[in-house]
Amino acid sequence: MCGIVGYIGYNQATPVLLNGLARLEYRGYDSAGIAIFNDDKIKVAKSEGKLANLKNKIENSDVSGFVGIGHTRWATHGEPNERNCHPHTSENGKFVVVHNGIIENYDVIKRQLREKGVKFTSDTDTEVVPQLLAYYYDGDLLKTVSKVVNELAGSYALGIICEDYPDKIIAARKSSPLIVAKGEGENFIASDISAILDYTKTYITLDDGDIAELKADSITLYDKELNEKETDFIVTDLDVSAVMKNGYDHFMLKEMNEQPEKLRGLYNDYVKDNKVVVPELDKIADVLDNCEKIYAVACGSAYHTSIAGKYVIEKLCRVNVETDIASEFRYRDPILNERTPVIIISQSGETADSIAALRMAKEQGAPVIGIVNVVGSTIYRESDCVLYTKAGPEIAVATTKGYATQLMMFYLFALYFAQSKGTVSEEEIAKYCSELEMLPAKIERLLSDTKTIEAFSEKYKGANNFFFIGRNTDYAAAMEASLKVKEISYINSDAYASGELKHGTIALIDKGTPVISFCANKKLFDKAWSNAEEVVARGADVVCVVSEKDEDKIQQGYEKIVLEDVIDEFSTMLEVVAMQIFAYYIAKNNGCDIDKPKNLAKSVTVE
Ligand code: G6P
């Protein structure tokens, strides 16, 4: 969602801001803007649509200076037009603000300020911030910011500049991601480190309630009450190449191809001598020993990994797993206690609903295990135990390596837990480990020869509707496959548990309806096959996704995508990679904006 970047130093701010905003494009946006100190006056430039529009506008004006803030907006309050685009300015022109999050009490503040005669120019919730700053301002910038943020309900990451202080940027954060970063004679604010990796690797993630004051040569951190805090900078090992395409046409393709290496990394970190060794989980051994039930809660694709994880954990560990979508879980009053650990899965670690689910679980005494990809993110910091997925920055909105590493973490978790519970013998654990070890090479081979799948993508690029069907681990794959196709190619699709088809959905199957039938789980092949036949009998065009071991069971005349054999429990992984390829080429054939699909945001930081 919205992206923030700010620069203060001895170089021109505009190129740094534009470069930073370009790096943040992946978060999803519909307009962009910057504000720069120019001869002690703040100049603002904004534009609807892509960054290129903003760049064109700036080329024709003289926006230059050494201090500035920039923003990419993903509209929540008010249409995505120039009027609502950030930065927003107070009526007297003194304060200019960029914001990510939602000010929940904006209407009350707006009404009160209007009664005092303040005129608003946008439909946004954000505009109340500069207006309130101007209203309370008594010459003390920090105190005014502190007073204002204490009045705001909801979530905010704020970058603030004030005409009276051309040597300062103020940053503040509550429940929306924001970092401050240190360079040589220059400092930055950003939604995440990927925005400024070209300039620095040293940063701090602000805590909720923190306020930071940045000058070119210093960063001072304060808590809510303006008590000065220690600045514990961390240095990321990420390289700027991690946020570049490196020769690939799209980030999505690059990230798909990074999957084998990332999975190998996790395998090597956690499997030693055919045993799964996870020191992070050793620390919560008591919780696992005594657990009654596990909840696995997330959004989007991360939620789909929990479905695949559930099948494996229940089978291997004989413990109940209940999965839920975070936005549902947080409002349904689930039964939680210290014996019901909650696994929160999140690539970004900043998804608003997942954070709310985490906090609710903790409030009710449930221990939280985070499966997270971003160090220092909210879910990373607030979980009782973190399983770090080490996928590196994921730029394409549609997750691929993020999904694969989360799924791998579920497999490792299940094996670790089964080992400690003794529900699976040592020999079987060794067998599962060897299956896990072989997975990356199988994915590599799948990604290196995509012709068959590409041909299906070409054949079906004009489809209006897809059905993805499967049972058990195959159903988990169907859910993720359906989402992949929807999000990047905008073709409607649905995932169904194959056995449920007859209870209504089969009425939608007509001649030529494309149905992708997942049958890589060998134990359930016969069942899956008979469901495929049922839809064929009604005219569907079926493509079976099948293990090489069952390939011959597919009757002549049926289309198929044949996968290398994998033990049933882990078959979702290969099926999903095959469908990432399928979705990617459909979107490519249809000329879609693969890395930045319309209306979507990478990191959904509002409810
Ligand atoms: C967005 C992304 C999805 C992702 C979901 C959850 O919808 O486009 O790819 O699965 O958010 O994000 P998280 O960062 O919590 O995994």
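Here are some notes:
- Residue tally, condition more than 16 Å from the ligand (Cβ to nearest atom) and closer than 27 Å to Asp474 by Cα, over segment 303-339: 13
- Some residue of segment 438-446 being within 21 Å of Asp595 (Cα to Cα), away from the ligand (no atom under 16 Å from the Cβ) and surrounded by 19 or more Cβ atoms within 10 Å (Cβ to Cβ): no
- Test: Val235 is more than 16 Å from the ligand (Cβ to nearest atom) and either outside the structural domain of Leu436 (by TED's automatic domain parsing) or within 18 Å of the chain's Cα centre (by Cα) (or both): yes
- Meets criteria (over 22 Å from the mean Cα position of the chain (by Cα) and either open to solvent by 10 Å² or more (accessible area, probe 1.4 Å) or more than 16 Å from the ligand (Cβ to nearest atom) (or both)) for Asp286: yes
- Within segment 489-503, not a single residue is among the β-branched types (Val, Ile, Thr) and part of a helix (DSSP H, G or I).
- Unique residue being under 27 Å from Thr423 (Cβ atoms) and open to solvent by 10 Å² or more (accessible area, probe 1.4 Å) when the list is Arg359, Arg318: Arg318
- Scanning segment 502-520 for residues that are open to solvent by 40 Å² or more (accessible area, probe 1.4 Å) and aliphatic (A, V, I, L, M) turns up Ala507, Leu508.
- Scanning segment 558-607 for residues that are within 16 Å of the ligand (Cβ to nearest atom), open to solvent by 10 Å² or more (accessible area, probe 1.4 Å) and more than 30 Å from Thr378 (Cα to Cα) yields a single hit, Cys592.
- Residue check, Ala181 in a strand (DSSP E or B), touching a Lys or Arg at 6+ places or on another chain (Cβ under 6 Å) and more than 18 Å from Ile36 (Cα to Cα): no
- Test result for Val372, without any contact (Cβ under 8 Å) to a residue 40 or more places away in the chain and in contact with a helix residue (DSSP H, G or I) (Cβ under 7 Å, 6 or more places away or on another chain): yes
- When Glu382, Glu363 are screened for being closer than 19 Å to Arg173 by Cβ, free of Cβ contacts under 8 Å to residues at least 40 places away in the same chain, more than 11 Å from the ligand (Cβ to nearest atom) and assigned by TED's automatic domain parsing to the domain that holds Ala308, only Glu382 passes.
- Among (1) surrounded by fewer than 23 Cβ atoms within 10 Å (Cβ to Cβ); (2) outside the structural domain of Ile567 (by TED's automatic domain parsing); (3) touching a Lys or Arg at 6+ places or on another chain (Cβ under 8 Å) - the single one Thr405 does not satisfy: (1)
- Among residues of segment 116-128 that are of a type in the set (S, T, N, Q), those with a Cβ under 7 angstrom from a residue that is part of a loop (DSSP other than H, G, I, E, B) and open to solvent by 10 Å² or more (accessible area, probe 1.4 Å), sequence gap 6+ or separate chain, pair up as Thr121/Arg83; Ser122/Gly78; Ser122/Arg83; Thr124/His77; Thr124/Gly78.
- Condition met for Tyr248 (touching a strand residue (DSSP E or B) at 6+ places or on another chain (Cβ under 8 Å) and hydroxyl-bearing (Ser, Thr, Tyr)): no
- Segment 250-276 - residue that is in contact (Cβ under 8 Å) with a residue 12 or more places away in the chain and part of a loop (DSSP other than H, G, I, E, B) and, of those, farthest from Lys315 (Cα to Cα): His250
The values are calculated or read from the model by the stated rules, or taken from the named source; none is laboratory data. Since the structure is predicted, the reported quantities are computational estimates derived from the model, not experimental observations. Ideal geometry is used to build each Cβ from the backbone, glycine not excepted, and the neighbour counts take in all protein chains shown. Note: accessible area is taken over every heavy atom of the protein model, side chains too, but ligands, DNA and RNA are not part of it. Shrake-Rupley method; radii C 1.70, N 1.55, O 1.52, S 1.80 Å.
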